[in-house]
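The values are calculated or read from the model by the stated rules, or taken from the named source; none is laboratory data. These numbers come from a predicted model, not from an experiment. When we count neighbours, we look across all protein chains shown, and the Cβ atoms used for this are built from the backbone with ideal geometry, even at glycine.
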Amino acid sequence: MEPYRVLVCIEILQLEKPSRRDRDLMLRFLERLGSNPFAKGDYEEKDEVGRPVQIRVISKYALTYWADHAVKEVKVTKIELADRT
């Protein structure tokens, strides 16, 4: 299977600078996501249009994504600090 493109939201540029370790963990996950767009997150929610989206917690960050199989892209729509309560 041809790898999917992984598109990342602008929020990643607005994060406080992640540690090198966190940055490397997120980059490795995003690279793997292109090769495995069917990867499940740690949990699933519905977005504002009712589409199922995956949420993967990596260190202290939560990445929200969904695979658009029609155009062979994985869209990372949100990156935020994970709720650790």
Output the number of residues of the range 63-83 satisfying the condition of being loosely packed, with under 14 Cβ neighbours inside 10 Å and in contact with a Lys or Arg (Cβ under 7 Å, 6 or more places away or on another chain). 1
Only one of these is out of contact with any Phe, Trp or Tyr (no Cβ under 9 Å at 6 or more places or on another chain) and among the β-branched types (Val, Ile, Thr): 12, 58, 79. Name it. 12
Which of the residues that make up the range 29-80 are among the aromatic types (Phe, Trp, Tyr) and free of Cβ contacts under 8 Å to residues at least 24 places away in the same chain? 43, 66
Note: among 83, 24, just one is out of contact with any His (no Cβ under 6 Å at 6 or more places or on another chain) and free of Cβ contacts under 8 Å to residues at least 12 places away in the same chain, namely 24
What single numbered condition from (1) closer than 19 Å to residue 69 by Cβ; (2) in contact with a strand residue (DSSP E or B) (Cβ under 7 Å, 6 or more places away or on another chain) fails to hold for residue 3? (2)
Got at least one residue in the range 45-52 being touching a Leu at 6+ places or on another chain (Cβ under 7 Å) and at pLDDT 95 or above? no
The range 1-38: number of residues that are under 11 Å from residue 63 (Cβ atoms), modelled with pLDDT of 90 or more and not β-branched (Val, Ile, Thr): 5
3 or more residues under 19 Å from residue 2 (Cα atoms): qualifying strands (runs of 3 or more DSSP E) within the range 33-85: 61-68, 73-81
Write out, first by first residue and then by second, each pair whose Cβ atoms fall under 6 Å of each other, whose residues are 6+ apart or on separate chains, and whose first residue, in the range 5-18, is touching a residue at least 60 places away in the same chain (Cβ under 8 Å) while the second is hydrophobic (A, V, I, L, M, F, W, C) and surrounded by 13 or more Cβ atoms within 10 Å (Cβ to Cβ). 6/30; 6/33; 6/74; 8/76; 9/76; 11/79; 12/79
Condition test on residue 18, is it under 10 Å from residue 74 (Cβ atoms), more than 14 Å from the chain's Cα centre (by Cα) and in a loop (DSSP other than H, G, I, E, B)? no
Would you point out the residue of the range 21-37, among those that are within 16 Å of residue 77 (Cα to Cα) and of a type in the set (A, V, I, L, M, F, W, C), that is surrounded by the fewest Cβ atoms within 10 Å (Cβ to Cβ)? 27
